Amino acid sequence: MKAIILAAGQGKRLRPLTDDRPKCMVEYRGKPIVDYILSAMKDVGIDDIAVVGGYKIDVLKEYLKDKNIVFFENKDYERTNMVSTLFCAEDWMDDDIVISYADIVYSSEILKSLVMEDAAFSTTVDLEWLKLWSQRMQDPLGDAESMKFDLQDNIMELGKKPKSYEDIEAQYMGLIKIKKEQIAEIKSFYRGLDRGALYDGQTFDNMYMTSFLQMIIDKVSPVKAVKVYGGWLEIDSISDLDCAAYSAS
């Protein structure tokens, strides 16, 4: 199994902490975010790791120079989003792949639950998301996105603006697994998308990952929800650094 860490973003809402380093190197509880991710991957036996960098990539390369990591670069990081960043490493996607955002910390247990899932395409979702969102912001509903499952725990909908809490059965986390047998079809689907179209209001290059996942669900493959109960944190702003939701060492 391989892993790809998507670490191209600038982390504008974390300035001035990101003035001289990429977002994934901002420290949470005395340790860079990327260290938590690499530690979880080591704990579950994933040693074949690639990082797709962009903003301040040289700083990240220097920091990780002794970690035996493969680097790819999204040179257009200023005008692109997560999906474009992922496919900068397209040629490296030839085995079971775990894909991780670089601005989240999560326990080894969460990653293990994803690795052990047998579905061709799966993603972790937090059923206790409201506890975390309530710590992070005054209006959780205003920031959260929809998610609905079927009876087999396949995701039917995600990434939409919810009308009420009933539209949110869990929250997407930014941690995905695609099995080897599904990779070629996912690559082909991505290549076949209309590059001149808008996707949930975004250009092809700036497409949200949730928009891409919804299209996968609708046109390619079921996406299994791997349900977790807390134990992770998204770090998107300075105030998130004070959040106590993530408790692993």
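What follows draws every value from the coordinates through simple rules; no lab data is involved. These numbers were taken from a predicted model, which means no experiment stands behind them. All Cβ positions, glycine included, derive from the backbone under ideal geometry; neighbour counts span all protein chains shown.
What does the charge add up to near T80, with Lys and Arg as +1, Asp and Glu as -1, over the other residues with Cβ less than 13 Å from its Cβ? Each step should come with its number before you reach the end.
Numbers: positive: K75, R79, R195; negative: E73, D76, E78, D205.
For residues surrounding T80, the net value is -1.
Could you pull out every residue, at least 5 positions away or on a different chain, whose amide H is within less than 5 Å of the one on V125? Hs are placed 1.01 Å off N in the peptide plane, and Pro or chain starts have none.
V226, K227, V228
Give, rounded to the nearest 20 debye, the magnitude of the charge dipole that segment 1-152 has about its Cα centre when Lys and Arg contribute +1 at Cβ and Asp and Glu contribute -1 at Cβ. Spell out each step's value before the answer.
On the way: 19 positive and 28 negative charges, 143 e Å.
Result for segment 1-152 is approximately 680 debye, rounded to the nearest 20.
If you average the sequence gap of Cα pairs under 8 Å that are 6 or more apart and divide by the length of segment 166-249, what percent do you get for the contact order? Before the final figure, lay out the partial values.
Values: 36 pairs, mean separation 13.9, N = 84.
Relative contact order comes out at 17 percent.
Using Cα pairs closer than 8 Å and at least 6 residues apart in sequence, work out the relative contact order for the chain, in percent. Mind showing how you got there, number by number?
On the way: 475 pairs, mean separation 60.7, N = 249.
Here the relative contact order equals 24 percent.
Work out the length of the dipole vector of segment 1-69 about its Cα centre, built from +1 on the beta-carbon of each Lys and Arg and -1 on the beta-carbon of each Asp and Glu, and round it to the nearest 20 debye.
On the way: 13 positive and 10 negative charges, 61 e Å.
Computed about the Cα centre, the dipole is about 300 debye.
Between segment 4-65 and segment 155-231, how far is it from one alpha carbon centroid to the other, in angstrom?
Computed from Cα coordinates, the inter-centre distance equals 23 Å.
What is the dipole size for segment 65-219, taken about its Cα centre, with +1 at each Lys and Arg Cβ and -1 at each Asp and Glu Cβ, in debye to the nearest 20? Please report the intermediate quantities before stating the final value.
On the way: 18 positive and 30 negative charges, 57 e Å.
Charge dipole of segment 65-219: 280 debye, to the nearest 20.
As a test, work out the antiparallel percent of DSSP beta bridges whose residues both lie in segment 1-118, rounded to the nearest 5.
Working: 2 of 18 bridges.
In segment 1-118, DSSP labels about 10 percent of beta bridges as antiparallel.
Per residue of the chain, what 222 nm ellipticity follows from adding -39500 (n - 2.57) for every DSSP H run with n ≥ 4, rounded to the nearest 500? All intermediate terms of the calculation are to be shown ahead of the outcome.
Working: 8 runs with 68 residues, N = 249.
Result for the chain: -7500 deg cm²/dmol, rounded to the nearest 500.
Taking every pair of alpha-carbon atoms in segment 22-74, what share in percent sits in each 5 Å bin, from 0 to the bin with the longest distance?
For segment 22-74, the binned pair fractions read 4, 19, 31, 28, 15, 3 percent.
On average over all directions, what projected area in square nanometres does segment 73-219 have, based on the convex hull of its Cα atoms?
Values: hull surface 38.8 nm².
The Cα convex hull of segment 73-219, projected and averaged over all directions, gives 9.7 nm².
Under 14 Å from a label point 7 Å along Cα→Cβ of D150: give me every residue in segment 208-232 with its amide N that close.
Under cut-off, by backbone N: 216-225.
Would you mind computing, in nm to one decimal, how far apart the modelled labels at D47 and D66 are, each placed 7 Å from Cα along Cα→Cβ?
1.8
Find how much the distance from Q202 to D167 grows on full extension, using 0.36 nm per residue of separation minus their present alpha carbon separation; answer in nm with one decimal. Kindly include the intermediate steps, with their values, before the conclusion.
Working: separation 35, 0.36 × 35 = 12.60 nm, distance 2.26 nm.
Computed gain between Q202 and D167 is 10.3 nm.
Please build a GNM for the chain, connecting alpha carbons under 10 Å apart, and tell me which residue among G174, G11, G201 fluctuates the most.
G201
Using a Förster distance of 30 angstrom, determine the FRET efficiency expected from the C-beta separation of A184 and Q138, and round it to 0.05. Don't skip to the answer; put the middle values down first.
Values: r = 45 Å, r/R0 = 1.50.
That pair, A184 with Q138, gives E of 0.10.
Check I99: other-chain or 5+ apart residues with amide H under 5 Å from its amide H, H built from backbone geometry?
Sorted by chain and number, the residues that satisfy this are I4, I176, K177, I178.
Quick check: pseudo-label points 7 Å beyond the Cα along Cα→Cβ at K227 and K112, how many nm apart are they?
Inter-label distance under the simple model: 2.0 nm.
Counting Lys +1, Arg +1, Asp -1, Glu -1, what net charge surrounds K179 among other residues with beta carbon under 10 Å of its beta carbon? Don't skip to the end; give the middle numbers.
Numbers: positive: K177, K180; negative: D95, D96, E117, D118, E181.
Net local charge, K179 excluded: -3.
If eta is 0.692 mPa s and T is 37 °C, what Stokes-Einstein diffusion coefficient results for segment 99-148, Kirkwood Rh from Cα pairs, in µm²/s? Before the final figure, lay out the partial values.
Working: Rh = 12.9 Å.
So the translational diffusion coefficient is about 255 µm²/s.
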